[in-house]
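First comes the structure, then the notes that go with it.
The values are calculated or read from the model by the stated rules, or taken from the named source; none is laboratory data. This is a predicted model, so every value here is computed, not measured. Cβ atoms come from the backbone with ideal geometry, glycine included; neighbour counts cover every protein chain shown.
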Amino acid sequence: MKLYKPLLLTGVLLATMDWANGQVSDTIPAQIEPQIDSNRVKFTSVLRPLRQIAGAPEAFYSYFWEFGDGTYSFEKEPVHHYRDTGYYDIRLFATNNYDDGRRPPTRLKRVRLEKKRPLLASNNAPSFFKGEGSLEMKTNQMPRPGEDMVLLLGYRNKPGAPVASVSGSVMLLYNEKQFSQNSFEVAEARAYHEEKTIGFDSMLAMAPSDPGPWAIREISSKGLFELNAAGPYAISNKQQLMQWLKQEMAGFRQHRIWRIQNMKPGEEQFLFLTINTLPEMIKDTNAVVTISGLFVPDDPSMDAEKFNLELQIVASHDPNRMMLKHKRLNYRFTGRNKDNIYKVQFQNTGKGPAKQVAITVTIPGMLNTASIKVVDMKPKCNWCTTAYPNQSCIDTLITADSIRFIFKNIYLPGTQQDGVNDPDSTMGFIKYSLNFDRKMKKLPFTSRAAIVFDKNEPIYTNRSVGRFRKGLSPGIIIGYSSTLGYSLQELARQQYSLGFTLSEYAAYKKYFQWELYLQGFRETETFIGRQQGGDTVINGVGYKLEYRDHYKKVKVFALEAVPLEFRYNIASFASAGAGALVAAEINRTTTRVIRASAIRGGTPNAIMLEGEQGSNTASFADWRGAVFADVQLGRVRVGPAIGARFLQYVNPSHQRIFLYATWKF
């Protein structure tokens, strides 16, 4: 027994240490190990062990190196040749794909180069610019809440530019106003070519005073490495330029501007920005956020440019993903012909090339597979129906609830393949659009893709969910109500009401509704009692009274409100609801009235006399409450309908029936 207790304690301690190590493993930073040979440096790294996500493809790291001299690499173990001696700050951003932990933190490593030899070899620089513009952006990973990422902002004196030396301003726009909270925070901007931070007024002052034939070219990136270009539109003067800049800035909360100068023909330069993806950013993973870049040249013979980088928020890093552009739709303005643009991105992470890639996409029931249109693809292929034998081509197989895209006879390198250093070459995508079916409902619609490389097991992407914004639907309601059973004093037996409603626009099934009713002034008169006999004098003339009747007259202005009502649309033509109603008297005036039958002395005929004996006014003097249930028939989601409501009041207790007509807009 004495031996058992120490063994048990040891086992508990070991288990606790293992648990603790597992908990802190995410905090182990990436360790950089440089091997320096004069101005040639080979970089390797030590990273925490990967923790495989169950059921996912084999976990792996992807790499982004920043060499401290304005250059970078996506290779696992790059070799870099420095032009000068001195100190260089090296950073490694390693992204853990198919791993259930956080990415390893980045820790700066400073290296010192003391010897300089003639450069006998050049650096194998990755291809950055994929289009024909002067400005592009990339990130090392998709944004994940709570993690940082690198935004690489590249600009150049592009081939064919009309000037020998390019100067101008570069603006970064981030944190879109369409989202209620900020998504990003620029933690650090590292410039290697004397870029200077300036303000908006300075940028405008340095822009050409008369752009003349200027044009704005708009370029968009729909993923990590792929972009599309849109047509130009003209800017004729500085006032229009300022309007364009402010129009672009209006969609974002924050911006940064840098001044760039004297870029030589063919020269490419880069800004490295460490961006914190805030934990409180959009909780909807798979949502798409946009970061925009603007390039405003000093020379009026060059075009201004806009570049949109669209990034998908992810819960975990996965190079195979599905995105839906504009995931939040306005049901009020969405019709059958609305293009829902999907993009499925895939990456061959294997050790060899893939010759065939098959993407099977499940189609939501609300979307019409017959409306399929392929918008873009990579690699670019002809349709197999027109291809010659063994030519690279793409084929489709469409069913009622799925679409299969098949890239045939292609060559897609693997990330672990020898000699492959550019991640872009290992990636592809298919982008397509679908329209809604005739029976479009205000419901979320979900799609997912299965990707098969050659004859390997399928890789399943995230679920891309499209949703409709709730929206607000105001309405009017006109009704007539009557008490059931006996009549109560001071309460009108019958009354008309005009009301207003507010609810979710075109709710499919369940929703909440709020109502407010204006009842205007209503009057009631109550008999109190009769007093026999008596005398009185009016204007000096004596009268003998046969009797005096006493009344209480009440004039009330009231409001009724429904603070909580739950409704359920049984079908498009019928709904039911239940809730609570509160009635408040905004103003109550009570007047005592006397009506008397009087005989003037010496005359046999009686006359009726009426007078007031005083009044008092009170505000919010009385409250009543009720619970109710009702049914509606008609266009209960949007449009006209009629309904009947039964109400049980308290203070005092009574029942009413309310018949009404309503129209929701």
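Can we say residue 308 is in a strand (DSSP E or B), of a type outside the set (Ser, Thr, Tyr) and in contact (Cβ under 8 Å) with a residue 60 or more places away in the chain?
Numbers: in a strand (DSSP E or B): yes; of a type outside the set (Ser, Thr, Tyr): yes; in contact (Cβ under 8 Å) with a residue 60 or more places away in the chain: yes.
Against the criterion (in a strand (DSSP E or B), of a type outside the set (Ser, Thr, Tyr) and in contact (Cβ under 8 Å) with a residue 60 or more places away in the chain), residue 308 qualifies.
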Note on segment 540-571: residues more than 30 Å from residue 519 (Cβ to Cβ), surrounded by 15 or more Cβ atoms within 10 Å (Cβ to Cβ) and in contact with a Lys or Arg (Cβ under 9 Å, 6 or more places away or on another chain) are 543, 548
Can you pull out the residues in segment 4-52 that are within 38 Å of the chain's Cα centre (by Cα) and at pLDDT below 50? 19, 20, 21, 22, 23, 24
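Out of 593, 562, which single residue is of a type in the set (A, V, I, L, M), farther than 16 Å from residue 476 by Cα and either touching a residue at least 12 places away in the same chain (Cβ under 8 Å) or not in a strand (DSSP E or B) (or both)? If you could, list the steps in order and put the result at the bottom.
Values: 562 fails: farther than 16 Å from residue 476 by Cα.
Step by step, each of 593, 562 is checked, and only 593 is of a type in the set (A, V, I, L, M), farther than 16 Å from residue 476 by Cα and either touching a residue at least 12 places away in the same chain (Cβ under 8 Å) or not in a strand (DSSP E or B) (or both).
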Neighbours by Cβ (under 9 Å, 6+ apart or cross-chain): first from segment 463-486, without any contact (Cβ under 8 Å) to a residue 40 or more places away in the chain; second surrounded by 19 or more Cβ atoms within 10 Å (Cβ to Cβ) and assigned to a strand (DSSP E or B): 470/504; 470/511; 472/503; 472/504
Name the single residue, out of those in segment 397-413 being crowded, with 20+ Cβ neighbours inside 10 Å and closer than 16 Å to residue 372 by Cα, that is farthest from the chain's Cα centre (by Cα). 405
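Residues are listed down the side, and each one gets a yes or a no for (1) in the same structural domain as residue 450 (by TED's automatic domain parsing); (2) crowded, with 17+ Cβ neighbours inside 10 Å; (3) more than 30 Å from residue 52 (Cα to Cα); (4) at pLDDT below 95:
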| position | (1), (2), (3), (4) |
| --- | --- |
| 264 | no, no, yes, yes |
| 272 | no, yes, yes, no |
| 283 | no, no, no, yes |
| 286 | no, yes, no, yes |
| 305 | no, yes, yes, yes |
| 308 | no, yes, yes, yes |
| 326 | yes, no, yes, yes |
| 337 | yes, no, yes, yes |
| 349 | yes, yes, no, yes |
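Collect the residues in segment 288-301 that are surrounded by 14 or more Cβ atoms within 10 Å (Cβ to Cβ) and under 30 Å from residue 205 (Cβ atoms), keeping them in residue-number order. Show your work before the answer.
Within segment 288-301, the subset surrounded by 14 or more Cβ atoms within 10 Å (Cβ to Cβ) is 288-300.
Within segment 288-301, 290, 291, 292, 293, 294, 295, 296, 297, 298, 299, 300 qualify.
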If we scan segment 115-126, do we find a residue that is surrounded by fewer than 19 Cβ atoms within 10 Å (Cβ to Cβ) and either within 29 Å of the chain's Cα centre (by Cα) or at pLDDT 90 or above (or both)? no
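What are the residues in segment 53-97 that are of a type in the set (Ser, Thr, Tyr) and within 37 Å of the chain's Cα centre (by Cα), if any?
Narrowing segment 53-97 to residues of a type in the set (Ser, Thr, Tyr): 61-63, 71-73, 82, 85, 87-88, 95.
Scanning segment 53-97 gives 61, 62, 63, 71, 72, 73, 95.
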Picking from 186, 170, which residue would you name as being of a type in the set (Val, Ile, Thr) and surrounded by fewer than 20 Cβ atoms within 10 Å (Cβ to Cβ)? 186
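A quick yes/no check of all residues on (1) free of Cβ contacts under 8 Å to residues at least 40 places away in the same chain; (2) within 28 Å of residue 26 (Cβ to Cβ); (3) part of a loop (DSSP other than H, G, I, E, B); (4) not assigned by TED's automatic domain parsing to the domain that holds residue 286:
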position	(1), (2), (3), (4)
127	no, no, yes, yes
154	no, no, no, no
163	no, no, yes, no
168	no, no, no, no
178	no, no, yes, no
181	no, yes, yes, no
187	no, yes, no, no
190	no, yes, no, no
194	no, no, yes, no
Against the condition at pLDDT 85 or above and touching a Ser or Thr at 6+ places or on another chain (Cβ under 9 Å), how does residue 631 come out, does it pass? yes
Please identify the pairs in which a residue from segment 312-339 that is closer than 15 Å to residue 435 by Cα has its Cβ atom under 6 Å from the Cβ atom of a residue that is outside any loop (DSSP other than H, G, I, E, B) and among the aliphatic types (A, V, I, L, M), counting only partners at least 6 apart or on another chain. 325/341
Restricted to segment 604-653 and to residues being farther than 30 Å from residue 510 by Cβ and of a type in the set (D, E, K, R), the residue surrounded by the most Cβ atoms within 10 Å (Cβ to Cβ) is 622
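Rundown of residues vs (1) modelled with pLDDT of 95 or more; (2) within 14 Å of residue 354 (Cα to Cα); (3) among the basic types (Lys, Arg); (4) surrounded by fewer than 17 Cβ atoms within 10 Å (Cβ to Cβ), yes/no style:
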{"site": "415", "(1), (2), (3), (4)": "no, yes, no, no"}
{"site": "443", "(1), (2), (3), (4)": "no, no, no, yes"}
{"site": "451", "(1), (2), (3), (4)": "yes, yes, no, no"}
{"site": "457", "(1), (2), (3), (4)": "no, yes, no, yes"}
{"site": "462", "(1), (2), (3), (4)": "no, no, no, no"}
{"site": "468", "(1), (2), (3), (4)": "no, no, no, no"}
Where in segment 444-546 are the strands (runs of 3 or more DSSP E), entirely inside, with at least 2 residues that are of a type in the set (A, V, I, L, M)? 449-453, 472-483, 494-504, 510-532, 535-538
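I'd like the full set of residues that are touching a Pro at 6+ places or on another chain (Cβ under 9 Å) and over 29 Å from residue 349 (Cα atoms), limited to segment 301-322. Before you say what the answer is, go through the steps one by one.
So in segment 301-322, the residues touching a Pro at 6+ places or on another chain (Cβ under 9 Å) come out as 301-305, 311-315, 318-320.
301, 302, 303, 304, 305 - these are the residues of segment 301-322 that are touching a Pro at 6+ places or on another chain (Cβ under 9 Å) and over 29 Å from residue 349 (Cα atoms).
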Output yes when any residue across segment 57-75 is touching a strand residue (DSSP E or B) at 6+ places or on another chain (Cβ under 9 Å), charged (D, E, K, R) and not in a loop (DSSP other than H, G, I, E, B), and no when none is. yes
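In the set 385, 369, which member is part of a loop (DSSP other than H, G, I, E, B) and hydroxyl-bearing (Ser, Thr, Tyr)?
Details: 369 fails: part of a loop (DSSP other than H, G, I, E, B).
On inspection, the qualifying residue turns out to be 385.
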Selection count, segment 436-466, where residues are over 18 Å from residue 335 (Cβ atoms) and among the hydrophobic types (A, V, I, L, M, F, W, C): 7
